[in-house]
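Data block below; observations after.
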Amino acid sequence: MGFLGKIFTWWDGATIGTMLWSSRNGEHVGTDAQGNKYYRSKAKSGQRERRWVIYNGANDASRVPSEWHGWLHHSYDELPESHLAPPKIWETDYTPNATGTNARYLPAGALERGGKRAAATGDYEAWTPDA
């Protein structure tokens, strides 16, 4: 998309205006593993600090890791690196939200998979009102 894309689009990263505003009014505090950049407002007396993220790619809130989500929402004041627990062996890498894409989850009875469900097992009894 290039330069013109940065001027006119907001859904694939930051616009020129957002980048200029962030460079003048914000302080870059960190970058996560996906390349998202995190900023906070420069210190002003009597005002609550503002925090924001500029996504590396599509603007999708599910791409913010939990430790940065807590920082963005003022759950703690220190940067997330001080709150990170050692990774567990069962933790997996991030996978994007696939809703609305061809990689979405389709259960066995979905129309897109032919609409064929497994036969009922007989353990369901329909409710009928006593008339």
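The values are calculated or read from the model by the stated rules, or taken from the named source; none is laboratory data. If you're wondering where the values come from, they're calculated on a predicted model, not measured in any experiment. Cβ atoms come from the backbone with ideal geometry, glycine included; neighbour counts cover every protein chain shown.
Figures for the structure shown
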| item | result |
| --- | --- |
| Residues of the stretch 93-131 satisfying the condition of being polar (S, T, N, Q) and either surrounded by 10 or more Cβ atoms within 10 Å (Cβ to Cβ) or touching a Gly at 6+ places or on another chain (Cβ under 9 Å) (or both) | Asn97 |
| Some residue of the stretch 65-87 being more than 27 Å from Trp21 (Cβ to Cβ) and over 21 Å from the mean Cα position of the chain (by Cα) | yes |
| Residue that is surrounded by the fewest Cβ atoms within 10 Å (Cβ to Cβ), among those in the stretch 19-50 that are under 29 Å from Gly100 (Cα atoms) and in contact with a strand residue (DSSP E or B) (Cβ under 7 Å, 6 or more places away or on another chain) | Thr31 |
| Subset of the stretch 49-65 (residues that are out of contact with any Pro (no Cβ under 9 Å at 6 or more places or on another chain) and at negative phi) | Glu49, Arg50, Arg51, Trp52, Val53, Ile54, Tyr55, Asn56, Asn59, Ala61, Val64 |
| Residues being in a loop (DSSP other than H, G, I, E, B) and under 33 Å from the mean Cα position of the chain (by Cα) - total across the stretch 104-116 | 9 |
| Subset of the stretch 36-60 [at pLDDT 90 or above, in a loop (DSSP other than H, G, I, E, B) and within 16 Å of the chain's Cα centre (by Cα)] | Asn36 |
| Only listed residue being among the β-branched types (Val, Ile, Thr), under 21 Å from the mean Cα position of the chain (by Cα) and on the phi < 0 side of the Ramachandran plot, chosen from Thr101, Thr121, Thr128 | Thr101 |
| Evaluation of Ser82 against (1) surrounded by 11 or more Cβ atoms within 10 Å (Cβ to Cβ); (2) at pLDDT below 85; (3) within 30 Å of Ala43 (Cβ to Cβ) (one fails), failing number | (1) |
| Within the stretch 66-77, considering residues that are part of a helix (DSSP H, G or I) and out of contact with any Pro (no Cβ under 8 Å at 6 or more places or on another chain), the one farthest from Asn25 (Cα to Cα) | Ser66 |
| Within the stretch 78-103, considering residues that are among the charged types (D, E, K, R) and in a loop (DSSP other than H, G, I, E, B), the one farthest from Gly57 (Cα to Cα) | Lys88 |
